[in-house]
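What follows is a short report on a single structure.
The values are calculated or read from the model by the stated rules, or taken from the named source; none is laboratory data. Note that the structure is a prediction, hence the values are computed from the model and not measured. For neighbour counting, all protein chains shown are included, and Cβ atoms are generated from backbone atoms with ideal geometry for every residue, glycine included. Keep in mind that these areas ignore ligands, DNA and RNA; they rest on the heavy atoms of the full protein, side chains included. Shrake-Rupley method; radii C 1.70, N 1.55, O 1.52, S 1.80 Å.
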Amino acid sequence: IFVHDPVIITDHGAIMVRMGKALREGEEAAMQETLEKLRIPLLGSLTGGATAEGGDILWLDESTLVIGRGFRTNQEGIDQIKALVEPLGITVLVVELPYFQGRDACLHLQSLISLIDEKVAVVYLPLLSTQFVQLLIERGFHLIEIDEQEFCTMGSNILTIAPGVCVTLAGNNRVRAALESMGVMVYCYQGNEISLKAEGGATCLTRPLLRD
């Protein structure tokens, strides 16, 4: 049900990845079949020992792709993605992910950051690299910090459906209040079963295919 992970969508077509978690191997084929039915072109596919998951991949803007290197996304996967997108004028930036709770836990780059608008992001700073945070600040991002308690309940896993309009798990009241104080429209859903138990929030449950 976490359809964000098996594919990367670009303006030039889809990139089918290879899941880094053995339990999820094979989801890519089902996703590719669906994309073919929707007539979404295929830009490329990862091969060999390359692994990557969509949760580790974040579009910072239309020409900057940030990839988190960790247990789910390896260097070979990053290299193959770079080979596909850099000829299209897209810059790939690599962010090191922390060990945190180890190989069996689900920690994606997008577990730590969600873009709310072009220059607004919700972040969990304790697990983000200093270099990446400095890059965000240099690029003029306004960072909304969440605390440890709301990080544990996926307060930083937010789906933006339009600039300044987002969907998140109910119960993360502090980050919701911070967003609403900035004029952001926040929709909430009850995710105790579908999200908290399975480690997948609003972003993980969706795969945007086309944006105006």
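Taking the Cα atoms only, what angle lies between the long axis of helix 75-85 and the longest principal axis of the chain, rounded to 10 degrees?
The helix 75-85 is inclined about 80 degrees to the chain.
In the chain, what % of DSSP beta bridges are antiparallel (nearest 5)?
Roughly 45 percent of the beta bridges in the chain run antiparallel, per DSSP.
For the pair residue 149/residue 30, report the inter-label distance in nm, with labels modelled 7 Å from Cα in the Cβ direction.
3.7
Give the value in nm², to one decimal: projected area of the alpha carbon convex hull of the range 9-107, averaged over all directions.
Its Cα hull, projected and averaged over all orientations, spans 6.2 nm².
Shape call for the range 80-185 from the C-alpha gyration tensor, a ≥ b ≥ c root eigenvalues: rounded (a/c under 1.5), prolate (a/b greater than b/c) or oblate?
Oblate, because a/c is 1.5 or more while a/b does not exceed b/c.
Run the 1.4 Å probe and let me know the accessible area of residue 10, rounded to the nearest 10 Å².
So the heavy atoms of residue 10 present about 10 Å² to solvent.
Is the range 134-190 best put as rounded, prolate or oblate by its Cα gyration tensor, with a ≥ b ≥ c the root eigenvalues, rounded for a/c under 1.5, and otherwise prolate when a/b is larger than b/c, oblate when not?
oblate
What are the principal axis extents of the Cα atoms in the range 115-158, in Å, biggest first?
Each principal axis gives a Cα extent; for the range 115-158 these are 29, 22, 11 Å.
Of 114, 181, which has the most accessible area with a 1.4 Å probe, and how do the rest follow in descending order?
If we order 114, 181 from most to least accessible, we get 181, 114.
Calculate the dipole size of the chain relative to its Cα centre from +1 charges on Lys and Arg beta carbons and -1 charges on Asp and Glu beta carbons; express the result in debye to the nearest 20.
In debye, rounded to 20, the chain gives about 180.
Name the lysines eligible as straight-distance cross-link partners of residue 82: C-alpha to C-alpha under 28 Å, and not fewer than 8 places from it in the same chain.
Once the sequence-local lysines are set aside, what remains near residue 82 is 21, 37, 119.
Among 56, 104, 117, which one moves the most in a GNM of the chain with springs linking Cα atoms closer than 10 Å?
104
Report ³J(HN,Hα) in whole Hz for each residue of the range 136-147, in order, from the Karplus equation J = 6.51 cos²θ - 1.76 cosθ + 1.60 where θ = phi - 60°; Gly and Pro get x.
Values, residue by residue: 4, 5, 4, 8, x, 6, 8, 9, 9, 8, 10, 8 Hz.
Could you derive backbone 3J(HN,Hα) for the range 56-68 from the dihedral phi with the Karplus parameters 6.51, -1.76 and 1.60 (θ = phi - 60°), listing whole Hz in sequence and x where the residue is Gly or Pro?
8, 10, 10, 7, 7, 7, 5, 10, 10, 10, 9, 10, x
Picking from 23, 128, 42, which is most flexible by a Gaussian network model of the chain using Cα springs under 10 Å?
Greatest mean-square fluctuation among the candidates belongs to 23.
Of 55, 29, 3, which is farthest on the positive side of the dipole of the range 1-71, counting Cα position, with +1 on Lys and Arg Cβ, -1 on Asp and Glu Cβ, and the Cα centre as origin?
Sorting the options by dipole projection puts first 29.
How big is the accessible area of residue 120 in square angstrom, nearest 10, if you roll a 1.4 angstrom probe over the protein chains?
Number for this one is 20 Å².
Which residue, 192, 45, 70, has the largest displacement toward the positive end of the dipole of the chain when charges sit on each Cβ (Lys, Arg +1; Asp, Glu -1)?
Looking along the dipole axis, the top candidate is 192.
Could you quote the convex hull projected area for the chain, Cα atoms only and averaged over all directions, in nm²?
The orientation-averaged projected area of the Cα hull of the chain comes to 11.2 nm².
Name the long-range amide H neighbours of residue 188: under 5 Å, sequence gap of 5 or more, or other chain; modelled H, no Pro or chain starts.
168
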